[in-house]
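Each remark here refers to the structure printed beneath this line.
Values quoted throughout were computed directly from the atomic coordinates according to the rules given, and no laboratory measurement underlies them. Note that the structure is predicted; figures quoted are calculated from it, not measured. Every residue, glycine as well, gets a Cβ built from its backbone with ideal geometry; the counts of neighbours run over all protein chains shown.
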Amino acid sequence: MTRKLTAKEVVLKSGLKCRCPECGKGKLFQGFLTLAPRCEVCGLDYSFADPADGPAFFVMMIMAFPATAFGIWIELAFEPALWVHFVTTLPFLLLSCIPPIRPFKGVLVASQYVNKAEEVRFDTSREVDPKDEPRSVAITTN
């Protein structure tokens with residue numbers, strides 16, 4: 001008996017594995033960070049996905065703390081020459097930032113698919129009545 005995955009499970013499983021969020025089998029990427037045009041298994045069109053710079057921003061902000069702490073620790077503990085930082089801190093920074101970008105981008109694309117995220121489109125075909133107020137929405141949780 002197979003059970004249906006929850007939205008969180010779909011986002012994490014397909015995103016981290018860099019697989020299609022619809023079928024979980026097709027490749028999400030064509031290259032290191034370039035999204036494929038569509039899934040080769042189920043045919044899902046990936047044009048809905050636009051994570052932009054989100055993955056790079058979040059990975060850099062998260063990894064900035066350990067990379068900076070590592071560099072400061074080396075400097076305070078050993079007071080090395082500048083070339084030592086190029087040999088130790090720079091590779092640490094690159095290895096802590098570059099590999100996580102791909103799975104993080106996969107998670108953001110899967111999240112966009114599960115949540116049906118798309119660009120905001122404004123309806124300019126009708127005039128807006130200044131008396132119109134935003135509607136309140138009641139959100140219920142189970």
Would you please name the GluC sites (Glu not before Pro) within the stretch 1-90 that are DSSP coil residues with at most 14 other C-beta atoms within 10 Å of their C-beta?
E40
Using only the alpha carbon atoms of the stretch 7-119, find the Kirkwood hydrodynamic radius as the inverse mean reciprocal pair distance, in angstroms to one decimal.
15.6
Pick out, in residue order, every one of the chymotrypsin sites (Phe, Trp or Tyr not before Pro) in the stretch 7-98 that is DSSP loop and has at most 15 other C-beta atoms within 10 Å; say none if there are none.
F32
Summed residue charge, Cβ within 13 Å of P55's Cβ, Lys/Arg positive, Asp/Glu negative
0
Ascending count of other beta-carbon atoms within 10 Å, so fewest first, for R19, R38
R38, R19
Reachable lysines, given that their alpha-carbon falls under 27 Å from the alpha-carbon of K105 and they are not under 8 places away in the same chain
K4, K8, K13, K17, K25, K27, K116
